[in-house]
Amino acid sequence: MHLTIIAGARPNFVKIAPIIHAISHHNDQGAAKIDFCLVHTGQHYDEKMSGSFFKDLNIPLPDVNLNVGSHSHAEQTAKIMVAFEKHLMNQSTDCVLVVGDVNSTMACAIVAKKLGVKVVHVEGGLRSRDMRMPEEINRLLTDSITDYFFTTSALADTNLLNEGVTADRIFMVGNTMIDSLVNSLDKAVMPKVEHDIATAEYILLTLHRPSNVDDAHKLETLIETIDRIASGVKVLFPIHPRTASKLTNIERFDNIEFLSPLPYLEFLYLMKNAKAVVTDSGGIQEETTYLKVPCLTLRENTERPETIEIGSNQLIGNDLVALEKSLTAILSGNWKKGEVPPLWDGNASKRIVDHLAQLFN
Ligand code: UD1
């Protein structure tokens with residue numbers, strides 16, 4: 001069979017890496033060969049957001065780079081569609097595999113479906129029910145035209161069933177982002193930072209959601225509050241380019257050490273050893289759950305509720321009083337440990353490849 005694998009943005013690289021390794025393993029076993037073409041849309045394009053992830057996760061260089069870059073949502077989506085359509089019209093493939101919920105996911109799914117190529121969505125079925133999030137729109141549109149779904153939780157299966165998807169198209173396999181984590185844990189690299197992370201406690205902060213960062217005043221209030229609550233415990237903040245573009249005068253935050261976006265293995269080191277993680281990311285809610293590191297999520301909702309119900313995560317929304325209360329509880333050692341959700345065991349990619357081999361051979 002032949003598979004076209006799409007990756008465009010930072011979290012996509014983490015999700016496709018173990019699938020590519022599982023395909024190599026499958027082919028080494030002498031089973032019917034799976035050929036693939038790796039397409040990088042170029043949504044994320046620089047060394048810090050893209051190149052370093054290919055190196056850290058041992059992903060082969062993309063066969064095709066659509067080089068679309070950063071634009072408005074409509075322009076970015078349109079550029080991906082135009083460029084991917086040109087590629088796919090000249091490529092014979094059995095299916096297009098998309099992961100996650102970024103613009104590249106939706107754009108390539110639409111192109112494939114309109115050219116009559118089957119669409120497989122890894123991480124299908126997640127729902128935040130918040131249509132203000134571009135990712136929720138991407139998830140709904142992608143899933144409405146997906147042929148086969150590989151899901152991370154029973155709740156994702158239920159969401160899809162409730163939307164009319166038949167059970168024979170849904171496969172709960174676990175979480176490929178956790179596969180990358182499991183494969184990389186012993187390779188984590190201590191980053192070079194000013195704070196003495198080998199001996200002193202720290203909080204890890206990430207922020208990039210438009211709802212938190214696009215309004216500069218709101219963003220500053222949030223960071224000022226975290227700076228104040230942390231009092232004495234250093235906050236390490238690898239700053240996403242979208243967030244960096246909104247912040248000026250960062251020297252005034254006494255407890256916060258600002259860092260560039262980090263390579264995967266360095267970020268993993270910081271996450272694994274953090275006293276607490278404060279974030280608005282989707283994937284980090286899952287990774288901290290696996291690591292059993294306390295996580296406070298600065299969002300009003302999550303498409304990953306199992307990280308709260310089973311894992312170490314708590315939703316904080318915009319409530320800075322709740323943030324202070326929960327962070328204080330964590331720093332005084334008073335937090336739920338959480339459990340790891342079913343099938344988040346490092347073998348999701350193998351399950352996906354086994355299913356693909358059955359579905360398309
Ligand atoms: C995108 C995804 C989001 C994901 C996030 C992870 C969508 C709708 N959003 O958001 O789901 O969680 O990636 O990072 O697809 N930039 C660089 N270098 C790069 C890439 C981007 O400097 O390599 C800057 C650009 O100035 C750009 C900004 O980052 O304007 C935002 O990038 P973009 O891909 O549009 O969205 P993200 O906010 O990263």
Q.
Go through (1) farther than 15 Å from I330 by Cα; (2) away from the ligand (no atom under 16 Å from the Cβ); (3) surrounded by fewer than 22 Cβ atoms within 10 Å (Cβ to Cβ) for N301 and report which single condition fails.
A. (2)
Q: Taking the residues in region 175-191 that are touching a helix residue (DSSP H, G or I) at 6+ places or on another chain (Cβ under 9 Å) and surrounded by fewer than 15 Cβ atoms within 10 Å (Cβ to Cβ) as candidates, determine which candidate is nearest to S332 (Cα to Cα).
A: M190
(Q) Can you tell me which residue is least open to solvent (accessible area, probe 1.4 Å) among those in region 75-85 that are of a type in the set (V, I, T) and within 16 Å of the ligand (Cβ to nearest atom)? (A) I80
Q: Quick one: which helices (runs of 4 or more DSSP H) lie wholly within region 243-361 and hold at least 3 residues that are of a type outside the set (V, I, T), more than 17 Å from the chain's Cα centre (by Cα) and closer than 26 Å to R129 by Cα?
A: 320-331
Q) Which residues, counting only those in region 1-44, are within 16 Å of the ligand (Cβ to nearest atom), under 23 Å from N361 (Cα atoms) and touching a strand residue (DSSP E or B) at 6+ places or on another chain (Cβ under 7 Å)? A) I6, I16, V39
(Q) Just to be sure before I move on: is I256 of a type in the set (V, I, T), over 29 Å from D345 (Cα atoms), surrounded by fewer than 23 Cβ atoms within 10 Å (Cβ to Cβ) and at pLDDT 95 or above in the structure I sent? (A) yes
Q) Any chance region 150-162 includes a residue that's within 16 Å of the ligand (Cβ to nearest atom) and either touching a Ser or Thr at 6+ places or on another chain (Cβ under 6 Å) or modelled with pLDDT under 95 (or both)? A) no
Q: Could you tell me which residue of region 114-146 is nearest to the ligand (Cβ to nearest atom), considering only residues that are open to solvent by 10 Å² or more (accessible area, probe 1.4 Å), in a loop (DSSP other than H, G, I, E, B) and under 13 Å from V165 (Cβ atoms)?
A: R127
Q: Inspect region 213-229 for any residue being over 20 Å from the mean Cα position of the chain (by Cα), part of a loop (DSSP other than H, G, I, E, B) and more than 15 Å from the ligand (Cβ to nearest atom) and give the result as yes or no.
A: no
Q) In region 45-74, how many residues are under 15 Å from S260 (Cβ atoms), hydrophobic (A, V, I, L, M, F, W, C) and either assigned to a loop (DSSP other than H, G, I, E, B) or within 9 Å of the ligand (Cβ to nearest atom) (or both)? A) 1
Q) From the residues in region 192-212 that are farther than 19 Å from P294 by Cα and not in a loop (DSSP other than H, G, I, E, B), which one is least open to solvent (accessible area, probe 1.4 Å)? A) N212
Q: Can you confirm whether region 37-51 contains a residue that is free of Cβ contacts under 8 Å to residues at least 40 places away in the same chain, open to solvent by 60 Å² or more (accessible area, probe 1.4 Å) and more than 24 Å from M177 (Cα to Cα)?
A: no
**Q.** Qualifying residues in region 86-113 (those that are touching a helix residue (DSSP H, G or I) at 6+ places or on another chain (Cβ under 8 Å), away from the ligand (no atom under 16 Å from the Cβ) and of a type outside the set (A, V, I, L, M)) - the one nearest to D179 (Cα to Cα)
**A.** C95
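The values are calculated or read from the model by the stated rules, or taken from the named source; none is laboratory data. Please read all numbers here as calculations on a predicted model, not as lab measurements. No Cβ is skipped: glycine too gets one built from the backbone with ideal geometry, and neighbour counts run over all protein chains shown. Surface accessibility is based on the protein's heavy atoms, side chains included, excluding ligands, DNA and RNA. Shrake-Rupley method; radii C 1.70, N 1.55, O 1.52, S 1.80 Å.
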